[in-house]
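This report refers to the structure that appears directly beneath it.
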Amino acid sequence: MSEIFERFPRFIQEYIYAHNWESLREVQVAAAKTIFESDRNLLLTSSTASGKTEAAFFPILSELCEDPPASVGVLYIAPLKSLINDQFYRIEELLSESGIPVTHWHGDVAQSHKKKLLEKPRGILQVTPESLESMLINRSNDLVRLFGDLRFIVIDEIHTLTGSDRGNQILCQLARIGSLIGYHPRRVGLSATIGDLQTAADWLGAGSGRATDAPVSDPGKIRWRLGMEHFYIGNAKTEQAIEPREDTSAPAPPTAYDAGYSYMYDCVRDRKSLVFSNSREETEYLCATLRQIAKLRGDSDVFLIHHGNLSASIREEAELKMKDEDVMAVTCATVTMELGIDIGRLERVLQNQSPNSVTGFLQRLGRSGRRGQPPEMMMVFREEDPLPNTPLPQLMPWELLKAIAIVQLYIEERFIEPPNLRKLPYSLLFHQTLSVLASSGELSARRLADRVLSLSPFLHVPKEDYKVLILSMLNNDFLEMTEEKTLIVGLAGERLLRSFKFYAVFKDSEDYTVRCGSDEIGTITTPPPVGDRFALAGRVWEVEELDIAHRLIYVKSVEGKMEVSWPGDYGEVHTRILERMRQVLSEDTVYPYLKPNAQKRLEVARHVARNTGMLSHSLVHLGGYSWCLFPWLGTRAFRAMRKIIASKSQSFGITGVEYEGCYYITFKMSRGNDYELISTLAEEARTDRISAHALVSGGEVPVFEKYDDYVPADLLRHAYAVDKIDAESAKRRILEIEEEY
């Protein structure tokens, strides 16, 4: 360790002394060894607040100081603007002493700031994938000057990128830069939550020609303050604790809300807190509700909001106030505050309903507990009070069960979801075809195919499939063939390229910008008529004027609270979570983090599950022709199971197939019985008759990604079968269900 410390330049040593570090951490030693003693890539994964940023940049800055590069030396790529704005503030003093400049580059950064880098490219460039795509297309002639002596590429929060189009876009960008400058710089990936180190390491190094080190650090003993409480919506029963008040002798404050909202308010009252919800809709509604409770009680409105549809100024206000030690603030947020922003003295995280993954849980929990304190999270669950005639599957508190399963999986196994790598990313293939051609001017079909299909995300794409895509792009004017038989961007392709939205490969909508006077509030998808009201930024607005041509909505602020909706999905759930949910129902374990209401709700759910036989028989008769299947499968395998059940509609008279999340499938069956259905399915599961491709009908056009609308339907069906349907897991589950009979 001492030889590593001695290798650091004087300003890094002084930084370590000034912060009273008695020794380097395990992750910092491992990172320095890889960077100093090899030419390999590095995947650095350790818990939140373990010093990953310092671990990566101490040796990187040392290398840059020993041999200053003649261009930008480090390209730092992060998935969020807020992460870029924040990431280096902790080591700002260190960077200033080094003399190595840091430049932010994304859509909210002023052109004057970017111009300085263009005039004198050096130091560290922090960029989003979208801004890097813009540089590849619009500044292709500058790239060698900008990156000709690039040494390191640091990709932050790579768990959000592996397997996604956005992550694969980065791999394409790095390969294209490497081709231009004649070599592939070393890559460093950072994350607190990696489920499969080897898979993530292979992904990080794909196409770089370098091996990737992924040192394993001891996760240490779990130190959490964790609680879960449950409420029925609109229920203010005396047996439900309305507020977790410390002074129980004082009269309870007035509330016009159900017990769950009141409890959430008191959880964060007088505490600097983050309140997470799983969607923008829930975030908006909860923020407005908390503000109303504050007004009713005569408390100060300390509630802020943060999600992707808000203006940069509103998001930045929340970030700055959360970092300010002297400001008491509570921010309601989506995933945009889940990643590595260091908020400092954050006292509590509140989670509205369950996170969707172990990864999400750990990331959100890790926002608190810095500065030597254990992380602290309270999860609150609200559901409708079931009526006597409520169907069986709706009697289960699915969100509570999922949260318990997520926590137990990590406590018991340190389980984190492995990356879902995609083999046939055709939407990205369409995008990169246009991008490569736009930056090149023109290419022969053979050279275009060689250049695009050599990019690591497309190594599984058959050449015949790419030929089909190219012909479709020609027929639809996205590409054009010149008299010399070369390919150039066509008129339809030019229209796409002219929009700044082309640089992003994630789905967006044609949003309308909302303005109140000179203030930009954010964006919404559909413009309401003049006089109508809608919710945004935790407040309600009345439309005063519409400028449809310029996609502008002018509003004034009004009192009240409304719901709002955006298009989108909430991600995938892993099969291990569903399996552990089943175990939660079947075991008698008393989980110490459950508060009284949550414990009672779980006891009721366990009683119902055992009495109805849903744990011993996955296919349960609900009466008459109605049946319910509990597959206990994650998103991709559950999708396959739904299709398998629907495929028997004719032979078993199956109709009305419905489902909720990955929890259950209900249907009517007018012919045959449960044993006959399962026996038939099991017989087919032992053969090749059930396969992912067989489950995709010829009439389906499965559109998931941004540019899928421009991809031929046959290719979409092929990709859907390969990347979105897990038929093998569904078949194994069917054979397990057969054994129940």
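The values are calculated or read from the model by the stated rules, or taken from the named source; none is laboratory data. These numbers come from a predicted model, not from an experiment. Cβ sites come from the backbone with ideal geometry, for glycine too, and all protein chains shown count toward neighbours. Heavy atoms of the whole protein, side chains included, go into the accessibility calculation; ligands, DNA and RNA do not. Shrake-Rupley method; radii C 1.70, N 1.55, O 1.52, S 1.80 Å.
The magnitude of the dipole of region 534-640, with charges of +1 and -1 set on the Cβ of Lys/Arg and Asp/Glu and taken from the Cα centre, is near 600 debye. Taking a spot 7 Å from the Cα of Lys423 along the direction of its beta carbon, which residues of region 657-691 have an amide N less than 16 Å from it? Only 691 pass the distance filter.
Roll a 1.4 Å probe over the protein chains and send me the accessible area per residue for region 632-741 in Å². I get 45 Å² per residue for region 632-741.
Our summary gives region 50-155 a relative contact order of 44 percent, counting only alpha carbon pairs under 8 angstrom and 6 or more residues apart. Measuring between their Cα centroids, region 458-511 and region 596-625 lie 52 Å from each other.
In the chain, a dipole from Cβ-located charges (positive for Lys and Arg, negative for Asp and Glu) runs towards its positive end, and of Ala294, Pro388, Leu95 it is Leu95 whose Cα lies farthest in that direction. Working from label points 7 Å from Cα in the Cα-to-Cβ sense, the Ile488 to Arg446 distance is 2.2 nm. Per residue, region 1-126 exposes 43 Å² of accessible surface when a 1.4 Å probe is rolled over the protein heavy atoms with every protein chain present. The smallest convex shape that holds all Cα atoms of region 369-428, its convex hull, gives 229 Å³ per residue. Of [x] 26.8; [y] 28.2; [z] 29.7, which is the value of Kirkwood radius over Cα pairs in Å derived from the coordinates here? Structure-derived value, by its label: [y].
Can you tell me the FRET efficiency between His113 and Arg495 if r is taken as the Cβ-Cβ distance and R0 is 35 Å, rounded to the nearest 0.05? Please report the intermediate quantities before stating the final value.
On the way: r = 30 Å, r/R0 = 0.85.
E(calc), rounded to 0.05, equals 0.75.
Here the calculated FRET efficiency for Asp301 and His550, from their Cβ-Cβ distance with R0 = 25 Å, stands at 0.20, rounded to the nearest 0.05. Segment Asp511..Gln373, full-extension length gain: 45.5 nm, with 0.36 nm per residue of separation and the alpha-carbon distance subtracted. For the residue pairs Lys116/Lys423; Lys33/Lys115; Lys33/Lys507; Lys272/Lys295; Lys116/Lys706, the C-alpha atoms sit more than 29 angstrom apart in Lys116/Lys423; Lys33/Lys115; Lys33/Lys507; Lys116/Lys706.
For Ser140 and Leu474, FRET efficiency with R0 = 35 Å and r from the beta-carbon atoms, rounded to 0.05?
With R0 = 35 Å, the Cβ-Cβ based efficiency is 0.90.
Label-to-label distance for Thr680 and His693 is 2.5 nm, based on points extended 7 Å past Cα in the beta-carbon direction.
Dipole size of region 350-403 about its Cα centre, with +1 on Lys/Arg Cβ and -1 on Asp/Glu Cβ: approximately 460 debye, rounded to the nearest 20. Subtracting the Cα-Cα distance from 0.36 nm times the residue separation, let me have the gained length for Asp324 to Arg732 in nm, one decimal. Gain in length upon complete extension: 141.6 nm.
Per residue, the chain reaches -12000 deg cm²/dmol at 222 nm when only DSSP H runs of four or more residues are counted, each adding -39500 (n - 2.57). Projecting the Cα atoms of Met228, Ser311, Phe8 onto the charge dipole of the chain, computed from C-beta unit charges around the Cα centre, puts Phe8 farthest toward the positive end. Maximal additional length on extending the Ser586-Val701 stretch stands at 37.4 nm, based on 0.36 nm per residue less the C-alpha distance. Label-to-label distance, Val608 versus Leu197, with points set 7 angstrom from Cα along the beta-carbon direction: 4.3 nm. Residues of region 699-741 falling in the label zone of Ala646, defined by backbone nitrogen less than 11 Å from a point 7 Å along Cα to beta-carbon, are 699-702.
Rounding to the nearest 20 debye, state how big the charge dipole of the chain is about its Cα centre with +1 on each Lys and Arg Cβ and -1 on each Asp and Glu Cβ.
Roughly 560 debye for the chain.
Across the accessible surface of the chain, with the other protein chains kept in place and a 1.4 Å probe, carbon and sulfur atoms take up 49 percent.
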